[in-house]
Amino acid sequence: MLGATAAAVGRGGADAVDLVEAAARVAWSTVVEPGDSVAGLLVQALGAERSFALVRAALDDGLQGLLDTCTDEAVPGAESTAAFAETVRVALERWGPRLGRVDVLATLDAARSVGARLVVPGTASWPRAVDDLGPHAPVVLWTRSGRRASGPALAVVGSRANTVAGAEATAEIASTAADAGCTVVSGGAYGIDATAHRVAVAAGTPTVAVLAGGIDQLYPTGNVELLRNVARQGTLLAESPPGTRPTRWRFLARNRLIAALGAATVVVEAGARSGALNTAHHAAQLGRPVFAVPGAFSSSASVGCHRLVADGRAQIVVGAGDPVDAVLGAHGRSVRGRSSRRGDEPRGDEPLGGGRQDPEVVRVLDALGRRALDEQEIAVRAGMSTGAVVDALALAELQGLVRHTVGGWARS
């Protein structure tokens, strides 16, 4: 089993961690649901191997041994003996049905079959930002990655049923983040999530999609190809073991990881009951800046964003650079006043506008003739850099102004 664990962690990581502890963390991940704070407390205070052994013993011999150890080790909450005992008893009841079915080797084999890697605390690939979740932090993470994310991250979330204006705003924000060297983090869902990932992929910048199920569960099915592109250029991330199906609960639990990974979160569009509001709530609890893009007051897709601003839980996005500036601020950098790939003018103070008014989209459209052209030829015709052409095409595609064909790009 240790050999399989070492292989899952990968070269370098196996030397950095205790493989027995790593295997025990995998075992824990197959027993608990994401964000289980009782399991998190036990693992953090006692270690994964010791706590798992104590829990299995408690299932057969009763709670007293586990409770005594928690008291001796000053596990947070154990000082309140009766309340802590009840908390652990309830936790053991929900863990019990899975404890007898733990198969670490099968889990590692399932991950290997899709090219996934195990990430645990202590390895270079572990995103330390998730440690801010405390006992709600994941016990393990699984990744499929073609390019390791670097630089500060911006979480971009919103409605699955976005409007055209929402797609435009998302494209502007994600493009500005890419130009500033930020990683774009989202959930891989339809709508705003998918737009953010697509723009990042088109811009050639790393992007992270956090899955609600196992690392082998590419969901929704309509985004499978997009998620594969994310895996090639950036990272797919999951905390549930392979084979775990996405559920409503797991989507909500997944949102805390998106919020933790982003140095700031921007909600582009959100209905009154949108899951994106849950991500904003987690970000605020973590002390991360939260932004919301305004829309028409009559738009149901913007009700949640307006409520966040009205309640003082989010800052209003005036320009595409606002949330990016919040991300870069901690690093002593700012998107304002610095030129980007798309031109010499700073984009941070530009309003969130439509692609039809974007001068570079206009130039790209003018360059397109009757036959399809590749990015290089468009750049030559438009007098633009290839990077600027890629950004403009991504925005124009979202507007339905261009389409990608076998021969290249053409007007729609």
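The values are calculated or read from the model by the stated rules, or taken from the named source; none is laboratory data. The structure displayed is predicted, hence computed values, not measured ones. Heads up, the Cβs are rebuilt from the backbone with ideal geometry, glycines too, and the neighbour counts pull from every protein chain shown.
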- Is segment 328-343 home to any residue that is modelled with pLDDT of 80 or more, out of contact with any strand residue (DSSP E or B) (no Cβ under 6 Å at 6 or more places or on another chain) and not polar (S, T, N, Q)? yes
- Query: Out of (1) buried (at least 16 other Cβ atoms within 10 Å of the Cβ); (2) out of contact with any strand residue (DSSP E or B) (no Cβ under 8 Å at 6 or more places or on another chain); (3) closer than 17 Å to ALA165 by Cα, what's the single condition that is false for GLY400?
  - Reply: (1)
- Query: Residues LEU105, LEU133: which one is part of a helix (DSSP H, G or I), touching a residue at least 40 places away in the same chain (Cβ under 8 Å), surrounded by fewer than 17 Cβ atoms within 10 Å (Cβ to Cβ) and among the hydrophobic types (A, V, I, L, M, F, W, C)?
  - Reply: LEU105
- Message: Checking the structure you have, find out if any residue of segment 249-264 is under 30 Å from GLY387 (Cα atoms), in contact with a strand residue (DSSP E or B) (Cβ under 8 Å, 6 or more places away or on another chain), in a loop (DSSP other than H, G, I, E, B) and of a type outside the set (D, E, K, R).
- Response: yes
- Message: On the basis of being over 27 Å from ASN255 (Cα atoms), without any contact (Cβ under 8 Å) to a residue 40 or more places away in the chain and either surrounded by 19 or more Cβ atoms within 10 Å (Cβ to Cβ) or out of contact with any strand residue (DSSP E or B) (no Cβ under 9 Å at 6 or more places or on another chain) (or both), does ALA4 make the cut?
- Response: no
- Query: Any idea which of VAL75, VAL104, VAL31, VAL55 is of a type in the set (Val, Ile, Thr) and more than 19 Å from HIS136 (Cα to Cα)?
  - Reply: VAL104
- Message: Out of VAL268, VAL293, VAL303, I need the residue that is surrounded by fewer than 21 Cβ atoms within 10 Å (Cβ to Cβ), assigned by TED's automatic domain parsing to the domain that holds THR195 and at pLDDT 95 or above. Which one?
- Response: VAL303
- Name the helices (runs of 4 or more DSSP H) wholly within segment 10-90 that hold at least 3 residues that are in contact with a helix residue (DSSP H, G or I) (Cβ under 7 Å, 6 or more places away or on another chain), closer than 24 Å to GLY122 by Cβ and modelled with pLDDT of 95 or more? 19-31, 37-46, 48-61
- Task: Please verify whether segment 388-400 includes one or more residues that are at pLDDT below 85 and in a loop (DSSP other than H, G, I, E, B).
- Result: yes
- Note on the structure: Looking across segment 161-210 at residues that are touching a Leu at 6+ places or on another chain (Cβ under 6 Å) and either of a type in the set (Asp, Glu) or more than 25 Å from THR386 (Cα to Cα) (or both), the single one that is surrounded by the most Cβ atoms within 10 Å (Cβ to Cβ) is ALA209
- Residue selected from segment 358-379 under the condition surrounded by fewer than 17 Cβ atoms within 10 Å (Cβ to Cβ), under 33 Å from the mean Cα position of the chain (by Cα) and more than 13 Å from GLY407 (Cα to Cα), by the criterion modelled with the highest pLDDT: VAL362
- Item | Tally, over segment 306-328, of residues that are exposed (fewer than 15 other Cβ atoms within 10 Å of the Cβ) and either part of a helix (DSSP H, G or I) or not assigned by TED's automatic domain parsing to the domain that holds ARG273 (or both) | 1
- Members of segment 136-177 found to be polar (S, T, N, Q) and in a loop (DSSP other than H, G, I, E, B), listed by number: SER150, SER159, ASN162, THR163
- Query: Picking from ALA194, ALA180, which residue would you name as being small (Gly, Ala, Ser) and at pLDDT below 95?
  - Reply: ALA180
- Scan segment 227-241 and give yes if some residue there is without any contact (Cβ under 8 Å) to a residue 60 or more places away in the chain, assigned to a loop (DSSP other than H, G, I, E, B) and surrounded by fewer than 22 Cβ atoms within 10 Å (Cβ to Cβ), otherwise no. no
- Name the pairs: first residue in segment 395-412 and at positive phi, second residue small (Gly, Ala, Ser), Cβ to Cβ under 8 Å, at least 6 apart or on different chains? GLY400/SER412; GLY408/ALA372
- Determine if segment 246-254 includes at least one residue that is crowded, with 20+ Cβ neighbours inside 10 Å and polar (S, T, N, Q). no
